[in-house]
1. Would you say TYR492 is surrounded by 17 or more Cβ atoms within 10 Å (Cβ to Cβ), among the aromatic types (Phe, Trp, Tyr) and under 30 Å from ILE574 (Cα atoms)?
2. If LYS538 satisfies every condition in (1) more than 22 Å from GLU605 (Cα to Cα); (2) open to solvent by 30 Å² or more (accessible area, probe 1.4 Å) but one, which is the exception?
3. Only one residue in TYR601, TYR546, TYR569, TYR553 is more than 21 Å from the chain's Cα centre (by Cα), modelled with pLDDT of 80 or more, surrounded by fewer than 17 Cβ atoms within 10 Å (Cβ to Cβ) and of a type in the set (Phe, Trp, Tyr), so which one is that?
4. Across the range 513-535, what is the total count of residues that are touching a strand residue (DSSP E or B) at 6+ places or on another chain (Cβ under 7 Å) and either surrounded by 19 or more Cβ atoms within 10 Å (Cβ to Cβ) or outside any strand (DSSP E or B) (or both)?
5. Between a residue in the range 568-583 that is over 20 Å from ALA508 (Cα atoms) and any residue that is open to solvent by 50 Å² or more (accessible area, probe 1.4 Å), which pairs come within a Cβ distance under 6 Å, given they are 6 or more apart or on different chains?
6. Would you confirm whether any residue within the range 647-661 is open to solvent by less than 10 Å² (accessible area, probe 1.4 Å) and of a type in the set (Gly, Ala, Ser)?
7. Can you name the residue in the range 766-805 that is crowded, with 17+ Cβ neighbours inside 10 Å and among the acidic types (Asp, Glu) and, of all such residues, is farthest from SER148 (Cα to Cα)?
8. Give the range 336-358 a look and list any residue that's open to solvent by 20 Å² or more (accessible area, probe 1.4 Å) and at pLDDT below 95, or say none.
Amino acid sequence: MFDFSTSRSIRWTFLLSLVLASSAFGAEGGSLRGTVTDPLGAVIVSATVELLEDTSVVAKTTTDSAGNYLFPLKKSARYQVRADASTFQSTTSEAVFVTASGRAEVNITLATQTLTQQVTVTATGTPTPEAQVGAPVSVLNADQYRYSAEVQDPLRLVPGVQVTQTGQVGGTTGLFIRGGNNNANKVLIDGVPADDIGGAVEFANIDAVGIEKVEVLREPNSALYGSDALAGVVSLTTARGNTLLPLLTYSGDGGNFDSFRQVGTLSGAFRQFDYYSAFARTDTQNNIPNSAFHNGTYAGNFGWKPNTANDLRFTVRHVTVSANQPNAILLYGIPDDASVKEHDSYLSGAWNNQTTDKWHNQIRYGGSRLNYNYTDYAATGIYDPDEDVYLGAPVNLQGANGYRASGQAIFQYGASYGESYPNDYLAPSKRDFVYAQTDYRVSPHIVALGAFKYEDERGSTLTSGGTPTAIERGNYSYTVQLEGDLRNRLYYTLGSGLEDNGLFGFAATPRASLAYYLFRPTNSGWLSGTKLNFSFGKGIKEPSIYYQSISLYDILNALPDGSELIKQYHVSPIGAETSRTYDGGVDQQFGNGRARVSLTYFHNEFTNGVEFVPQSALIALGLPAASDPAVQYGAAVNSQAFRAQGAEFATEYKIGSHLFARGGYTYLDAVVQRSFSSESQPSYNPDFPNVPIGAFSPLVGARPFHRAPHSGYFGLTYNRSRWYGSFTGTLVGRRDDSDFLTDAEFSNSLLLPNRNLDGAYQRLELGGGYQVTRSFTAYTDIQNLLSEHYSEAFGYPALPLTVRAGVKISFGGESWQLK
């Protein structure tokens, strides 16, 4: 827990000095000024700059030889600045409230007239245009997922990213970035980690309501974000209110499978305050038995800017989920009688202070409360009294690799195996952190950043009839970073994180990225804007509470001959998972600036991965697993390592003023290099005696599960006047997997070979809307347009053709709607 009782006078003196400094900064003048630059940071001379108040132009000027502009202010109001220059796209800033005696600075970056590059924070820790970033980052705004109900939908259209959902709406959904595991990503909601302790994130529960921007960094960034940023970072930002009159919206839609969704929002801005509040409710029955899903999500964002130097912001997101869990119905032929209930909250309070023109400070508190409750209400299946197990129905299985198997699998176990019903699994966790960052612009081309973070993690796991396992970790993180450019052509980020984790101790995570422009981007000429990229980074991830509680080292250490077994099999105390990555590529603009193509090679090494070792493998080691309750359900050990290399290709093309196309392809070559579980005892199906099978984890030399060597996406959007339309697709090749089955005789006759077990699929989506009046819009969204029968995870069927249609109604907000 936090202790703020010591050195109180020192802290208050420090805070008071910041406030006094910021007050002095905000008291000079009665003006609004700034600098206009291009995407590479070069100043734009003679750009036209307009001062807007309530959408009306109240002043106009041009930038000087240094790209600067200045507007004297006569009254207190919320102002915008709009800048325009030849060969660039007109850009309007966010609104800022400035008093008649205050002074504000609003810098504007103009993009090319054809392709707009977004500003990212995830890659560098400070707002930076994509064009100046050497790291592989994608930024999606709300217009690119306008009618999506879930955040996972736009994530499918990012190069190097694969999404796997076990079944239908509400089914467990994981994100794989460049071959990394699905728990190897740091997911942030307004700066608050959405990960459970150990990195797991349930993307099926993250509604798209209120999400204004999605950033995906496709490489480790533990330098800035500490533990769990092993493969990448996903950052979600909540929308802000931006209308002088309150804006109230309501949207409701319905579809097949008894699907209904309702969304209401209230937002606005008044003087120094802005507010945004939204609630969404989604209900569906899906199309298989016992698969109903309910999600109620509230999102809030409230800001106060007392003066131009200080900004205080609070965000909150609360999720209530109830999801029935039918399990892999294609493998058992019978739906399970189980459900999951979750109540998750994410809270953040951040103070940003522009102490001087060059010095910025941030202090942030963040907290999360995750409450996971899985309940299996009753034993399900066909009871076998001789073995005291419950079997599934007779099934015929066939993998995409052509192998077949038939029979009945063990579905659940009886009382003699220690099982009782209803069977509950509880996994509550809490996280609180304080983050302090200071960044200083040493010169126009160099920014130095330093940060400190303290994080307190508490959590537990409890199974019916078991003993609760509770942990508490106090983690300290330090960050140093240098960011800048040379002559607005070479851009660099150099830094390192120093992590002191409460479980595994100290770890250093260096990171570097470079971007160099051989040719500056222009809107003339067939080829221009040639950008070379390179980045390197290391990442770390802490083990989950559950894996910590079943550590193989601890189990062996408690046995009489445990020390010998520890030495024989080189077992270490459970610790951090690690990664190392480097990538390089080229980004090329062509077609008079209307199109862009990027090609990137990446090479990742994931080492010291925590692996579940089943009871059968422990028996093969000579452990008394059958009689030792601690070993009965297996153990965890840092024993897996794999390599993931490949190439990403992405392109976008502005066909016309209203039509935009994009697409991408990823080749992934991932190979398991070390695995304690599969090395100790690979499994064999007696019908395929010469084919070794990884029953619980992939074999050494094979591909990790659920990662396709070939995947791609495309998108076509049309936006004109009152019409909007989109046609998108996700294309995924065959993947390795396991069916994890044991037959009624406790043998492997139902195990299918891992290679290419999951079939390829094409997930097409068509959506659009028409604005009937200013306040009334009709829209529709169709998923799985071809009604293709496919499973993203073996045995879990996806939804067939799914149709949603509805309307959106808005009230108010007429005075000032920012674009």
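The values are calculated or read from the model by the stated rules, or taken from the named source; none is laboratory data. On a predicted model such as this, the values are computed, not experimentally measured, just so you know. With ideal geometry, Cβ positions are generated from the backbone for all residues, glycine too; neighbour counts draw on all protein chains shown. Areas reflect the complete protein model, heavy atoms only, side chains present, ligands, DNA and RNA absent. Shrake-Rupley method; radii C 1.70, N 1.55, O 1.52, S 1.80 Å.
1. On the way: surrounded by 17 or more Cβ atoms within 10 Å (Cβ to Cβ): yes; among the aromatic types (Phe, Trp, Tyr): yes; under 30 Å from ILE574 (Cα atoms): no.
No.
2. The failed condition is (1).
3. Numbers: TYR546 fails: surrounded by fewer than 17 Cβ atoms within 10 Å (Cβ to Cβ); TYR569 fails: modelled with pLDDT of 80 or more; TYR553 fails: surrounded by fewer than 17 Cβ atoms within 10 Å (Cβ to Cβ).
Unique residue meeting the criteria: TYR601.
4. Our first condition is that a residue be touching a strand residue (DSSP E or B) at 6+ places or on another chain (Cβ under 7 Å); within the range 513-535, this holds for 513-523, 526-535.
Next, from what is left, pick out any that are either surrounded by 19 or more Cβ atoms within 10 Å (Cβ to Cβ) or outside any strand (DSSP E or B) (or both): 513, 515, 517-523, 526, 528-529, 531, 533, 535.
Final tally of qualifying residues: 15.
5. Once the first residue is over 20 Å from ALA508 (Cα atoms) and sits in the range 568-583, its partners that are open to solvent by 50 Å² or more (accessible area, probe 1.4 Å) give VAL571/TYR553.
6. Taking the range 647-661 as the starting set, the residues that turn out to be open to solvent by less than 10 Å² (accessible area, probe 1.4 Å) are 648.
Going one step further and asking which of them are of a type in the set (Gly, Ala, Ser), we end up with none.
There is no residue in the range 647-661 that is open to solvent by less than 10 Å² (accessible area, probe 1.4 Å) and of a type in the set (Gly, Ala, Ser).
7. By that ranking, first place goes to GLU792.
8. ASP337, GLN354, THR356, ASP357, LYS358
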